[in-house]
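The values are calculated or read from the model by the stated rules, or taken from the named source; none is laboratory data. Everything numeric here is computed off the predicted structure, so don't read it as measured data. Here the Cβ is made from the backbone with ideal geometry for all residues, glycine too, and neighbour counts use every protein chain on show.
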Amino acid sequence: MEEKKRLSPFEDIKVAFGHIRLKTVLIIAPFAGLLLYLLSGIYVVNPGEEAVIRRFGKWTGERIKEGIHYRLPWPVDRVAKVNVAEIKSHSIGVPFEVHDLSLCPADVEETLTGDENIIDVKLMVHYRVKDPVQYLFTLRPEDIHRSTHRLVKDVSRAVIADLIGQMSMDEALTTAKGVFTEMIKVKVQKILDSYESGLQIVNINLDDASPYPPEEVAEAFIDVQDAREEKEEKIHRAEAYYNTVVPDAQGQASRLMASARGYRARVTNEARGDVAKFEAMLGEYEKDIGVYSKAVTDFRLHTETMEKVLARVKKYIVDTNSENGELVNLRFFSNY
């Protein structure tokens, strides 16, 4: 058998596409190219992203949400996508991970207080893009991520220096973390908005704010800090004692007041009863005077009074005419 003649690559291509006419290719190619060019205007905005279209470099006025969209192909329109859902973080005075492998050393944020003491501040700033238009057109487009990071870092440091510079060291160390971080967040956000950066501060976590003394005076600073902690402990102890003793004293005072009010009411009612009784007797007395003589009325009242009084006492009757003063035996007048 004769071996088949081996064809060159060029000849293989010619054999494979030899049935296609060149004229047909020349007719179809421009239309295919135009179709591909038009299809290149299709783009997808992923969940959590927003897109901004620039037509000849100028914003078209739209913020495109997630989904499949179309724009005029290059070079007419250009699409820039921004992840508005991603929360980014920036650390100040705190080591942070790089590629999940190592730790970058933290920049020590030494801040001067109003009374000329040094405080080491450690915090994390969490932010995101809230306005992609401002974000893209205000910050440097050639290195937008680095410029964003730098902007948040510089503004945060400036705000921290300004706030702590208005406080004494005691105020800076004793101010509640929540209050201090909220003050930083509000002021940083206000400055970022004035720059039209399109960034939003989501949260600020204050890890620590502690004295950062030079080595020569470190021991004295530690003593002061220990004294401050002891002071706080005594204050807490005094507050606990106050919270225990004062309610007991208040309860006792309430009981005494209630008892006093009850006694006052009882005495007042008894006095009113005596007054009413006296007034009733006075009325009867005045009536009797109108009917009987004053002497008869006085005798009757005296007799009634003695009857009530003598009924409650032990009585001894003595015969004054007896020479030896013997007691009169009245037992036979009784039931014995």
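Values as computed for the structure displayed
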quantity: Test for residue 97: is it at pLDDT below 75, under 29 Å from residue 156 (Cα atoms) and under 33 Å from the mean Cα position of the chain (by Cα); calculated: yes
quantity: Members of region 39-92 that are more than 30 Å from residue 206 (Cβ to Cβ) and either of a type in the set (Ser, Thr, Tyr) or in contact with a His (Cβ under 8 Å, 6 or more places away or on another chain) (or both); calculated: 40, 42, 43, 44, 45, 51, 60, 70
quantity: Entirely in region 33-80, the strands (runs of 3 or more DSSP E) that have 3 or more residues that are closer than 24 Å to residue 134 by Cβ; calculated: 42-45, 49-55, 58-64
quantity: Filter result (under 24 Å from residue 34 (Cβ atoms) and surrounded by 15 or more Cβ atoms within 10 Å (Cβ to Cβ)) within region 55-71; calculated: 69, 71
